[in-house]
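Step one of this worksheet: look at the structure below.
Each value in this text was obtained by applying a stated rule to the coordinates, not by laboratory testing. Model, not experiment: these values are computed from the prediction. Neighbour counts run over all protein chains shown; Cβ positions are idealised from the backbone, glycine included.
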Amino acid sequence: MMTLANLKYNIFLKSIIFYFSLMTLMYIVNILGWDINIISPCFTQKQFQGMEKKEDISMDAHVNMIKVMKYLKSIYGSKVLSGQHISQDLLEVDAIYKVTGKKPALIGFDFMDSSPSRVKYGANGTDIKRAVRWWNEGGLVTFCWHWNAPAGLINKRPDKQWYRGFYTEATTFNFAKGIRNVESEEYRLMIRDMDAIAEELKKLQKAGVPILWRPLHEASGGWFWWGSRGPEPYKKLWRIMYERFTNYHGLDNLIWVWNGEHQDWYPGDDVVDIVGIDFYGLKHDYSPRQEEFKVAEAYSGAHKMVALTETGVIPDPELMLKTGAKWLWYLTWSEELVLADDKKSYSEEYTEAWMLKKAYLHETVITRDELPSFR
């Protein structure tokens with residue numbers, strides 16, 4: 001029987017446990033030099049609940065994510081990270097290094113071949129090991145996901161083959177139906193796919209790798225299926241993914257990068273960390289894209305940092321300074337935008353060698369060797 005004395009003792013004991021738990025947390029915060037204002041919004045009650053479901057979560061990944069985010073905020077407006085998307089085996093990085101003697105600070109990878117509907121046809125994503133290696137060598141990592149539609153692949157020539165299933169024209173998949181009805185087959189398949197990618201992200205989490213995570217990109221253009229049904233279903237899809245990854249799977253190593261490309265498609269400040277925009281201009285046009293920067297900057301009322309998340313041509317760093325286009329990073333796309341026909345040499349078709357050198361050697365442009373240690 002619970003007596004009043006027993007009750008008082010239990011309350012007293014729980015108070016003591018809570019006090020020492022709080023003191024331990026504050027001691028860790030002090031030792032690591034964290035800013036308590038940065039920590040407080042990162043762990044919501046729901047995130048703790050999500051983390052309790054998983055026993056193999058690496059706290060290193062979350063700590064490293066905080067360090068990276070703090071660093072990005074410290075350089076924003078005065079420095080820009082050099083970035084490069086890769087196709088395979090870091091060929092683009094090798095070609096850039098031969099010209100500049102430098103490697104980009106940020107490398108872009110893709111979970112495209114981890115999409116279940118591509119795996120069904122024999123695709124096999126291979127970017128995890130490369131991403132971990134790049135992080136361990138001192139670089140930053142970003143991932144996008146050309147999400148092959150979960151079902152409804154047309155798989156006909158021309159331009160509608162199964163491997164083009166992320167394009168609207170190559171699938172009949174109606175994700176809006178799944179958004180409206182969580183009991184639908186469409187919803188089940190979307191969750192299946194999200195869970196498959198979450199398992200890949202957990203491998204990076206376990207390795208302590210923070211990810212600049214850029215899913216559901218270029219939605220407002222309508223050329224990808226996740227942008228084919230208008231802004232409202234898209235914004236709900238973004239929030240479903242955010243909830244699934246953050247709370248259900250406990251993925252606390254993700255920095256969420258949104259580039260839906262239009263104000264009406266913005267899902268909200270509470271589920272976005274960085275705003276991005278993709279822009280492919282003319283060959284040898286080294287404009288800093290200041291107008292595009294201003295547009296992207298206005299998407300959020302919370303003054304989110306803005307990045308040039310895809311580009312065909314490197315913007316001139318001097319012009320970025322002069323015009324106030326303070327991109328957090330630029331990321332050049334891969335293959336023919338960087339590589340010559342032999343897949344080994346650098347191609348000047350889009351960005352000439354002199355501009356490549358200027359950008360990678362400029363005092364405001366950060367390369368991999370200039371990054372601090374985040375581990």
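The table for this structure:
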{"read-out": "Distant-in-sequence amide H partners of residue 366 (H built 1.01 Å from N, under 5 Å)", "value": "80, 81, 82"}
{"read-out": "Kirkwood Rh in Å, taken over the stretch 44-370 so that all alpha-carbon pairs contribute", "value": "20.2"}
{"read-out": "Estimated distance in nm for a label pair at residue 373 and residue 285, the labels positioned 7 Å out from Cα along Cα-to-Cβ", "value": "4.4"}
{"read-out": "Amide proton proximity set for residue 255, modelled H, under 5 Å, gap of 5+", "value": "211, 212, 213"}
{"read-out": "Residues with amide H under 5 Å from that of residue 217, placed H, sequence gap 5 or more", "value": "145"}
{"read-out": "Per-selection metrics, the stretch 255-360 (Cα): Rg and Dmax in Å", "value": "14.8, 46"}
{"read-out": "Derived scalar couplings ³J(HN,Hα) [the stretch 351-358; Karplus, 6.51 cos²θ - 1.76 cosθ + 1.60; whole Hz; x for Gly, Pro]", "value": "10, 5, 4, 5, 6, 4, 5, 4"}
{"read-out": "When each of 67/177; 73/294; 73/177; 98/160; 70/358 is checked by Cα-Cα distance, pairs over 30 Å", "value": "67/177; 73/177; 98/160"}
{"read-out": "The stretch 44-370, dipole about Cα centre (Lys/Arg Cβ +1, Asp/Glu Cβ -1), debye to the nearest 20", "value": "540"}
{"read-out": "Rounded if a/c under 1.5, otherwise prolate or oblate - the stretch 287-331, Cα gyration tensor axes", "value": "prolate"}
{"read-out": "Karplus (6.51, -1.76, 1.60) ³J(HN,Hα), θ = phi - 60°, over the stretch 274-283, in Hz, Gly and Pro reported as x", "value": "9, 9, x, 9, 9, 8, 10, x, 6, 4"}
{"read-out": "Summed side-chain charge close to residue 97 - residues other than residue 97 whose Cβ falls under 14 Å, Lys, Arg +1, Asp, Glu -1", "value": "+1"}
{"read-out": "For residue 219, net neighbour charge (Lys/Arg +1, Asp/Glu -1) across residues whose Cβ lies under 13 Å away", "value": "-1"}
